[in-house]
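Asker: Here it is, the structure in full.
The values are calculated or read from the model by the stated rules, or taken from the named source; none is laboratory data. Just so you know, these numbers come straight off a predicted model, no measurement behind them. We place every Cβ from the backbone using ideal geometry, glycine too, and count neighbours over all the protein chains shown. For the accessible areas, the whole protein counts, side chains as well, though only heavy atoms, and no ligand, DNA or RNA atoms are used. Shrake-Rupley method; radii C 1.70, N 1.55, O 1.52, S 1.80 Å.
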Amino acid sequence: MIISMRPHATREEIEQVCERIREYGYKVHSIQGEERVVIAAVGVGDVTACLESLEAMTGVENAVRISAPYKFVSKEFKKERTRVRVDGAEIGGDEFVVMAGPCSVENEKQIIETAESVAAAGAKVLRGGAFKPRTSPYDFQGLELEGLKLLAKAREATGLAIVTEVMSERDVETVAEYADIMQVGARNMQNFALLKTLGKCRRPILLKRGMSSTIKELLMSAEYITAHGNPNVILCERGIRTFETATRNTCDITAVAVLNELTHLPVILDPSHATGKRSLVPALARAAVAVGADGLLVEVHPCPEKAISDGAQSLRLERFHSMMRELEPYIQIWKESRLTAAAATV
Ligand code: PEP
Ligand code: MN
């Protein structure tokens, strides 16, 4: 159940509602929204009786049963789209936001050159891994703190916001000091201890879909973060494992449309990991705009042949520029349909 309090409900009224919910055997999670307090009652109990009792209480605007297992991230909970704000960009709003950069931060020259180039092409967020989840323990694991510092330099040089991966609970505080958005990689999508810790942090989170995870599992992972207090979650489809071998993963473009039906959270597409091949990235980027994604996460490298990781799927700087130009007419239509959709809900 989700209980929305009236905008001017008093502290006492809110406390009484929480108490009543507990009496019915539910656990209480309350969230202070921009206008009102919203309370989630989670657990097993007599829903009908509890709802009836709550609806009669002063300060309660409405109480609804949410059938989905995910509560805070569901459309039933919140109809308006969540807009995640960072310096210089709003994801889930009126702009299609492109995040771009190398798979790994390798050295100062590489990250600054890439940052300047992607900024000039219109990207609003710089990506780059400092902590890298690698299949082999013998592969490059990332520059770690040194990488974070280089990202901070790139932000200073370009004004771009930074998205970078956090792999472990232990690193959350450090990564939060440098990142504007903290990425949870596909391999960590169900690292529940990490998700709970990120819930206590106010930094926006970019949650990537696990390579063998269902859409419901992705949403439940997002619920971990929101239920622990952080509503700023961006979802990312990055391809899933199937029998197909022509591409590194199978891009589940449908997931974007499904997520847009089920959740108010912004959804972006990573066409680089979804395909594993740079030649396929622009086509998938167009598909992302057409299907109604809120943005892209794209790997770009000044010299992909020499990239330490994911060179085969990284766009050269020039190709990134031309892809951004090619996307312009699609993004124009995207904007128009956003405005029409917004007008239809007023
Ligand atoms: C990445 O973004 O470089 C990455 C490792 O992605 P994923 O977690 O989707 O494999
Ligand atoms: Mn990568």
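Asker: Every residue in the range 119-133 that is crowded, with 22+ Cβ neighbours inside 10 Å and either among the polar types (S, T, N, Q) or away from ligand 2 (no atom under 15 Å from the Cβ) (or both), please.
Answerer: Correct list: Ala123, Lys124, Val125.
Asker: Is it true that Arg238 is of a type in the set (D, E, K, R) and within 16 Å of ligand 2 (Cβ to nearest atom)?
Answerer: It is true that Arg238 is of a type in the set (D, E, K, R) and within 16 Å of ligand 2 (Cβ to nearest atom).
Table: residues versus (1) under 17 Å from the mean Cα position of the chain (by Cα); (2) surrounded by 19 or more Cβ atoms within 10 Å (Cβ to Cβ); (3) touching a residue at least 24 places away in the same chain (Cβ under 8 Å).
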| residue | (1), (2), (3) |
| --- | --- |
| Ala49 | no, no, yes |
| Glu52 | no, no, no |
| Met57 | no, no, yes |
| Tyr70 | yes, yes, yes |
| Val73 | yes, yes, yes |
| Lys79 | no, no, yes |
| Gly92 | yes, yes, yes |
| Val105 | no, yes, yes |
| Thr114 | no, yes, yes |
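Asker: Restricting to the range 253-311, give me the number of residues that are part of a strand (DSSP E or B) and within 12 Å of ligand 2 (Cβ to nearest atom). Walk me through it before giving the result.
Answerer: Step one: of the range 253-311, the residues part of a strand (DSSP E or B) are 263, 267-269, 295-300.
This time we only want the ones that are within 12 Å of ligand 2 (Cβ to nearest atom), so: 297-300.
Counting residues in the range 253-311 that are part of a strand (DSSP E or B) and within 12 Å of ligand 2 (Cβ to nearest atom) gives 4.
Asker: Another question, if that's okay. Being in the same structural domain as Phe96 (by TED's automatic domain parsing), farther than 21 Å from Met167 by Cβ and away from ligand 1 (no atom under 16 Å from the Cβ) is true for just one of Asn260, Asn232. Which residue is that?
Answerer: Asn260
Asker: Among the residues of the range 87-97, are any closer than 21 Å to Glu146 by Cβ, out of contact with any strand residue (DSSP E or B) (no Cβ under 6 Å at 6 or more places or on another chain), acidic (Asp, Glu) and modelled with pLDDT of 95 or more?
Answerer: No, every residue in the range 87-97 fails to be closer than 21 Å to Glu146 by Cβ, out of contact with any strand residue (DSSP E or B) (no Cβ under 6 Å at 6 or more places or on another chain), acidic (Asp, Glu) and modelled with pLDDT of 95 or more.
Asker: Moving on. Taking Tyr224 as the residue in question, decide whether it is open to solvent by 50 Å² or more (accessible area, probe 1.4 Å), away from ligand 1 (no atom under 14 Å from the Cβ), aromatic (Phe, Trp, Tyr) and under 20 Å from Val184 (Cα atoms).
Answerer: Answer is yes for this residue.
Asker: For the range 176-198, which residues satisfy the criterion of being closer than 20 Å to Ile91 by Cα and surrounded by fewer than 19 Cβ atoms within 10 Å (Cβ to Cβ)?
Answerer: Of everything in the range 176-198, those that are closer than 20 Å to Ile91 by Cα and surrounded by fewer than 19 Cβ atoms within 10 Å (Cβ to Cβ) turn out to be Ala176, Tyr178.
Asker: Six or more apart or on different chains, Cβ atoms under 9 Å: show the pairs whose first residue is in the range 303-322 and open to solvent by 10 Å² or more (accessible area, probe 1.4 Å) and whose second is within 13 Å of ligand 1 (Cβ to nearest atom) and among the aromatic types (Phe, Trp, Tyr).
Answerer: Matching pairs, first to second residue: Ile308/Phe140.
Asker: Which one of these is assigned by TED's automatic domain parsing to the domain that holds Val184, open to solvent by less than 30 Å² (accessible area, probe 1.4 Å) and over 22 Å from Thr164 (Cα atoms): Gly292, Gly239?
Answerer: Every option except Gly292 fails the conditions.
Asker: Any residue in the range 281-294 that's modelled with pLDDT of 95 or more: show its pairings with residues that are among the hydroxyl-bearing types (Ser, Thr, Tyr) and buried (at least 17 other Cβ atoms within 10 Å of the Cβ) at Cβ separation under 9 Å, as long as the two are six or more apart or on different chains.
Answerer: Val281/Ser272; Val281/Thr275; Val281/Ser314; Ala283/Thr275; Leu284/Ser272; Leu284/Thr275
Asker: Please enumerate the residues belonging to the range 145-175 that are within 27 Å of Ser117 (Cα to Cα), open to solvent by 20 Å² or more (accessible area, probe 1.4 Å) and either within 16 Å of ligand 2 (Cβ to nearest atom) or of a type in the set (A, V, I, L, M) (or both).
Answerer: Leu145, Ala152, Ala157
Asker: Residues that are open to solvent by 70 Å² or more (accessible area, probe 1.4 Å), closer than 17 Å to Val98 by Cβ and in contact (Cβ under 8 Å) with a residue 12 or more places away in the chain: does the range 259-272 have at least one?
Answerer: Applying the first criterion (open to solvent by 70 Å² or more (accessible area, probe 1.4 Å)) to the range 259-272 yields 261.
Restricting the remaining residues to those that are closer than 17 Å to Val98 by Cβ gives none.
Among the residues of the range 259-272, not one is open to solvent by 70 Å² or more (accessible area, probe 1.4 Å), closer than 17 Å to Val98 by Cβ and in contact (Cβ under 8 Å) with a residue 12 or more places away in the chain, which makes the answer no.
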